[in-house]
Amino acid sequence: MTVLDAATRRAIAEVRELGRTRALLPSDPRERREIRVRAGVTAREFASALGVSRNVLLDWEAGRRSPSPGFRERYAEALHLLQEGARVEGIS
């Protein structure tokens with residue numbers, strides 16, 4: 001029997017919730033911010049590319065708010081691209 005850690009269980013639950021195996025939004029908001037910062041992207045640039053205000057993005061990164069399902073998928077995909085070193089449309 002395989003024992004899954006809490007992070008893996010959360011990831012599996014998110015996949016089930018989304019009904020797909022696409023990029024998952026990191027459950028820890030601080031990790032989301034770290035990905036963006038490591039990629040050298042400002043909050044203003046990233047928010048603009050996602051189609052939200054800078055304050056909304058900062059709330060997501062602080063864990064004060066959660067993105068709606070439509071933005072959740074877009075946000076997860078954009079973070080995944082940043083992690084992979086790929087270009088995110090709308091960010092120069």
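The values are calculated or read from the model by the stated rules, or taken from the named source; none is laboratory data. Everything numeric in this text was worked out from a predicted model, so none of it was measured. Positions of Cβ are backbone-derived with ideal geometry, glycine not excepted, and every protein chain shown enters the neighbour counts.
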Next item on the list: Answer with yes or no whether L18 is crowded, with 16+ Cβ neighbours inside 10 Å, out of contact with any Gly (no Cβ under 9 Å at 6 or more places or on another chain) and modelled with pLDDT of 90 or more.
Entry: no
Next item on the list: Identify, from the list R65, R44, R74, the residue that is among the basic types (K, R), in contact with a helix residue (DSSP H, G or I) (Cβ under 8 Å, 6 or more places away or on another chain), at negative phi and not in a helix (DSSP H, G or I).
Entry: R65
Item checked: Restricting region 55-86 to residues that are among the small types (G, A, S) and surrounded by fewer than 12 Cβ atoms within 10 Å (Cβ to Cβ), the residue that is farthest from E31 (Cα to Cα) -> G70
